[in-house]
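The values are calculated or read from the model by the stated rules, or taken from the named source; none is laboratory data. Because the structure is a prediction, the values reported are computed rather than measured. Every residue, glycine among them, receives a Cβ derived from its backbone with ideal geometry; neighbour counts consider all protein chains shown.
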Amino acid sequence: MNWTKKDLLEIKDLTKDEILLILETAESFKEISLREIKKVPTLRGKTVITLFYEPSTRTRTSFEIAAKRLSADTINISASTSSFVKGETLKDTGKNLESMKPDVIIIRHSMPGAPHILARTLKSSIINAGDGAHEHPTQALLDLFTIKEKKGKIDGLKIVIIGDIMHSRVARSNIFALKQFDTEIVCCGPATMIPPYIEKLGVAVEYNINRAVKDADVVMMLRIQKERGRISYIPSIREYAILYGLKKAHLEKAKKDVIVMHPGPMNRGVEISDEVADGEYSVILDQVENGVAVRMAILYLLIGREQ
Amino acid sequence: MKILIKKGRVIDPKNNIDEILDVYINGNIIEKIGKNIKEKGVEDFVIDATDHIVAPGFIDVHVHLREPGYEYKETIKTGTMAAAKGGFTSVVCMANTEPVNDNRSITEFIIKKAKLEGSCRVFPCGAITKGLKGEELSEIGDMFDAGIVAISDDGKSVKHSGVLRKALEYSKIFGIPVISHCEDTDLSHGFINEGVASVLSGLDTVPSIAEEIIVQRDIMIAKYVNANIHLTHISTAGSVDIIAREKRNYKYITCDTCPHYFSLTEDATLKFDTNTKVNPPLRSKKDIEAIKEGLKNGIIDIIATDHAPHDLPSKDMEFNLAASGISGLETALALSLTLFHEGVLTLGELVKKFTVNPARLLKLPYGDLSEGNAADVIVFNPYIEWIVDKNTFLSKGKNTPFDGWKLKGKNLLTIVDGKIVYRDGLI
Amino acid sequence: MKKKVFLDKKAIDRTLTRITHEILEKNKGCEDLCLIGIRTRGVFLAKRIQEKIKKIEKKELPLGILDITMYRDDLFKIKLPVVKKTDISFDINNKIVLLIDDVMHTGRTIRAAIDALMDLGRPKKIQLAVLVDRGNRELPIHPDFAGIFYAIGAGEEILVKLKENDGKDEVIIVGTQ
């Protein structure tokens, strides 16, 4: 099948076939990072701009390496140093960037729908690297890639997502992506952090971590933040860590070959204990490695799309 | 001017009229309504209203004219032009201008400007509290003397229950209603309805209870002090339930809803189109059904527009930051007529929600076509199809989620005080 | 549409046997030799040649799979091809790399393959074996070993079918001639 979409804004927009195409393409690109000369000339002369209004080392570096390994030129713009501080609107920033004729702009923003503003106004391909609590499509795709790599399949698995689901773009994108397959998804966290109506997406809700991880094939941990706005959702980080921090004992209830994932960066000792983070079930570093391959695949497909 | 409107189907709910009749306007009053009024040859306009509806001019109890202070969004001149086009001969304009209409001089300014430049009647609504701060009552008596017809802190809810009580009590002196915007801001974190759409989009939410709690509170206080309360832009099934229940044993409760609350669900917000950002937010399918039921069985007395025009830059940004509101005067009639086409309301019931009921609430001598009344008349057709094009709006506010919609039903002629203020090419 | 079978199953096998002997003759055996098939059909041919060499020299040569999509010079001008995996698990430094493909035409695929190999290491020599050389070069690149040469005429097309991929072995000419 052919890739025809100009932008990658939401997993919700992708068909199952499109998801599989990305995963298949990523598999072929993964091998490049294992060579001595980690470069192919495929995107030579193309320009990729990363526009990050929220800080990030992991995602931005991952995109930068992905672009560079495909021989593209990259430019990084972060909010603190940009015209954003001078009050320029997102739309104007986008239009200014467009005059440099970038092929792809990768944007991370604190507000849902921000990438869509650029996608509507600019000719460049726009990749959503995270828009508020809405979506983080490339994270979900690399998570699926990792699951497929470790488990050989995605269908028939039980996946447990633990943490602040309400404010997590990683949770949302993963739920949308995994629901394209035959999966059982359990969302676990404090009731204050689980959005009402989430069951309508076809996921189960569980407030008790022990019950949640029973027979899990995949456990996905999310970062926790104590305050959100004027009121607190949890009394303290300490209590959260006691109730929802993933410890080795919990994994004994999961399947023998369970894998533990985390989008990073981790709060060691809070949502994930040291021994689990560094333990045999953790595939967190594989996620990072796969992130480069998945992002290479996405850049390749977007730039080469059928027009 | 002498205007003869012939052969239209005259729908005048107050006088229980629904038949083909002619209407003769002389000067600024309705001189005669009857069958086959003979042309005398001295008429300035003879309008053939065959196949059209002739009704009393509509009264909109909730619009934002933005003047003074936000003239770049709308002015009294452009807002009333839009109103006239939409079939409204009277509008009540809210107080959240800049400066706030919390004193006599702003009220007088608005009234004067409207007389000079307005295309329809403008009745200011005074602020309940000074500066809309929710603390001290504004000089309601002075404003009443200057011409306000109601008080409201719309845009905001009166947070302090004690202040609301005082406002309701004080309003009894003048016999004017308190128009209440119901929103518990401690429960509402965001901008869209808490429902399935919000799970999908990750936007911060406004649960239905944020509106319902204040609906209940405001009614209870009004009941307790025996005052007149009008709940504006109600949007949830829960609100309809509460109002239905309370109306059974207290009669000074009225409420209105807006066309967007029975035309769009929360799903419209999924693509982050800021034209769907409105407060209260678009709700779930269940709520829409309840609103329609509420209109059908009379629990919801009035349809108002909450016309909230905005300049393009205020809307052209991230959803969280964009201004809230829909420019609704020019689509209200057609959207409301879908209720007629769907069998929810008869034409008579629909007209009543825009005429008799608002007039009664505000104690205005309009909203019906009795002989001798002011000639505020409209002619509309419920079947003409047209496509909404925001670029043809007379309002400065082009912020509508209905752009491109094919609607059925159009206002063709608006007469205010005996003068034609709007005429469509089709008539 | 006229169709003519140019090589049947037996003829293909004989041709591959002949090429195998030529390879061994030129290289005086198979010291330092490794085989790399270009996706897709080159890979199957490489496997067959590998087996034939094994029978003759009693040695199994290393076999690699090369996908040249990422090095194509026409990548964004055509319908975007699916990138498949390259799998060369051995070191090509200082080796004699024998590239194997089914059909050679303009030479651009081989140019891409050579660039790809250069990014993977520094071979001592690169040689090229193809089953069919159909002429019409656009670059100055030529095979060291060719099965058959067929100068394609106007409106003609030469198709290689292999059992592993297409169900049967044959080289056919389709066209109006």
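Could you please let me know if residue B:19 is in a strand (DSSP E or B), without any contact (Cβ under 8 Å) to a residue 12 or more places away in the chain and out of contact with any helix residue (DSSP H, G or I) (no Cβ under 6 Å at 6 or more places or on another chain)? It is true that residue B:19 is in a strand (DSSP E or B), without any contact (Cβ under 8 Å) to a residue 12 or more places away in the chain and out of contact with any helix residue (DSSP H, G or I) (no Cβ under 6 Å at 6 or more places or on another chain).
Give the residue, chosen from B:223, B:277, B:247, that is in the same structural domain as residue B:334 (by TED's automatic domain parsing) and either surrounded by 24 or more Cβ atoms within 10 Å (Cβ to Cβ) or free of Cβ contacts under 8 Å to residues at least 12 places away in the same chain (or both). Break it down into steps so the answer makes sense when it comes.
Details: B:223 fails: either surrounded by 24 or more Cβ atoms within 10 Å (Cβ to Cβ) or free of Cβ contacts under 8 Å to residues at least 12 places away in the same chain (or both); B:247 fails: either surrounded by 24 or more Cβ atoms within 10 Å (Cβ to Cβ) or free of Cβ contacts under 8 Å to residues at least 12 places away in the same chain (or both).
Criteria check complete, one pass: B:277.
Residues in the range B:250-274 that are in contact (Cβ under 8 Å) with a residue 40 or more places away in the chain, in a helix (DSSP H, G or I), closer than 23 Å to residue B:338 by Cβ and of a type in the set (Ser, Thr, Tyr): B:269 only.
Looking at the structure I just gave you, is residue B:96 farther than 26 Å from residue B:5 by Cβ, in the same structural domain as residue B:331 (by TED's automatic domain parsing) and in contact with a Leu (Cβ under 7 Å, 6 or more places away or on another chain)?
On the way: farther than 26 Å from residue B:5 by Cβ: yes; in the same structural domain as residue B:331 (by TED's automatic domain parsing): yes; in contact with a Leu (Cβ under 7 Å, 6 or more places away or on another chain): yes.
Considered against the rule, which asks whether it is farther than 26 Å from residue B:5 by Cβ, in the same structural domain as residue B:331 (by TED's automatic domain parsing) and in contact with a Leu (Cβ under 7 Å, 6 or more places away or on another chain), residue B:96 comes out as yes.
Note on the range B:318-334: residues that are buried (at least 24 other Cβ atoms within 10 Å of the Cβ) and within 14 Å of chain A (Cβ to nearest Cβ) total 1. Filtering the range A:285-292 for residues that are in contact with a Leu (Cβ under 7 Å, 6 or more places away or on another chain), crowded, with 23+ Cβ neighbours inside 10 Å and within 14 Å of chain C (Cβ to nearest Cβ) leaves an empty set.
Given the range A:53-163, what strands (runs of 3 or more DSSP E) lie entirely inside it while holding 1 or more residues that are acidic (Asp, Glu)? So that I can check it myself, show each step before the final result.
Numbers: elements: A:73-78, A:104-109, A:125-131, A:158-162.
The strands (runs of 3 or more DSSP E) meeting that bar are A:73-78, A:125-131.
Screening the candidates A:32, A:37, A:19 for the property of being outside any strand (DSSP E or B), farther than 28 Å from residue C:112 by Cβ and either within 14 Å of chain C (Cβ to nearest Cβ) or within 16 Å of the chain's Cα centre (by Cα) (or both) yields one hit, A:19. Entry remark, the range B:379-393: residues being over 14 Å from residue B:332 (Cα atoms) and either under 19 Å from the mean Cα position of the chain (by Cα) or among the hydroxyl-bearing types (Ser, Thr, Tyr) (or both) number 3 in total.
For residue A:240, the conditions (1) part of a helix (DSSP H, G or I); (2) within 14 Å of chain C (Cβ to nearest Cβ) all hold with the exception of (2).
Checking each residue in the range C:106-122 for being more than 14 Å from every other protein chain (Cβ to nearest Cβ) and either in contact (Cβ under 8 Å) with a residue 40 or more places away in the chain or in contact with a strand residue (DSSP E or B) (Cβ under 8 Å, 6 or more places away or on another chain) (or both) picks out C:109, C:110.
In contact with a Lys or Arg (Cβ under 6 Å, 6 or more places away or on another chain), assigned to a loop (DSSP other than H, G, I, E, B) and not assigned by TED's automatic domain parsing to the domain that holds residue B:352 - does that describe any residue in the range B:50-69?
Pass one, the range B:50-69, residues in contact with a Lys or Arg (Cβ under 6 Å, 6 or more places away or on another chain): B:50, B:53, B:66.
When the remaining residues are screened for being assigned to a loop (DSSP other than H, G, I, E, B), the result is B:50, B:66.
Keeping just the survivors that are not assigned by TED's automatic domain parsing to the domain that holds residue B:352 gives B:50.
Within the range B:50-69, one or more residues are in contact with a Lys or Arg (Cβ under 6 Å, 6 or more places away or on another chain), assigned to a loop (DSSP other than H, G, I, E, B) and not assigned by TED's automatic domain parsing to the domain that holds residue B:352.
Any residue at all in the range B:298-317 that's within 14 Å of chain A (Cβ to nearest Cβ), buried (at least 23 other Cβ atoms within 10 Å of the Cβ) and of a type outside the set (Asp, Glu)? No: the range B:298-317 contains no residue that is within 14 Å of chain A (Cβ to nearest Cβ), buried (at least 23 other Cβ atoms within 10 Å of the Cβ) and of a type outside the set (Asp, Glu).
Residue check: is residue C:82 at pLDDT below 90, touching a helix residue (DSSP H, G or I) at 6+ places or on another chain (Cβ under 8 Å) and either in a strand (DSSP E or B) or of a type in the set (A, V, I, L, M) (or both)?
On the way: at pLDDT below 90: yes; touching a helix residue (DSSP H, G or I) at 6+ places or on another chain (Cβ under 8 Å): yes; either in a strand (DSSP E or B) or of a type in the set (A, V, I, L, M) (or both): yes.
The answer is yes for residue C:82.
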